[in-house]
1. If you check GLU75, GLU42, which single one turns out to be modelled with pLDDT of 90 or more, assigned to a strand (DSSP E or B) and charged (D, E, K, R)?
2. Tell me yes or no: at least one residue of region 45-64 is open to solvent by 60 Å² or more (accessible area, probe 1.4 Å) and in a helix (DSSP H, G or I).
Amino acid sequence: MQYLAAGGGAGGFTPVLMIVLLFGVMYFMMIRPQQKRRRDAEAMQSGLGPGDEVVTIGGLYGTVTGVEDDAVLLEIAPGVQTRYARPAIARVVTRAELPSEPVTEDADTVKD
């Protein structure tokens, strides 16, 4: 009977270590990448502006004509505007070009 009690102490730590290791792998393989994708999607949706060409989660292509707090107005055909919730925008196809500022020359610059 004495030999059974001597070997039982080392085996109690292994299952706990395996569970902790399993949760660590789950975090780095599933939870962390999903959080990164969610942050990227929120950043993309908050950066929408008029003139951006987007695709909705339903596959509808459109051009952003207006932005509200929680909605985006899309022009899906000439003269046809629809309103979508921001999370319904899957991706931006092309960003609207920002108007470039005119280059002004200072009086101090010397031309060669």
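The values are calculated or read from the model by the stated rules, or taken from the named source; none is laboratory data. Everything numeric in this text was worked out from a predicted model, so none of it was measured. In case anyone asks, the SASA skips ligands and DNA or RNA and just uses the protein heavy atoms, side chains included. Shrake-Rupley method; radii C 1.70, N 1.55, O 1.52, S 1.80 Å.
1. Working: GLU42 fails: assigned to a strand (DSSP E or B).
After applying the criteria, what remains is GLU75.
2. yes
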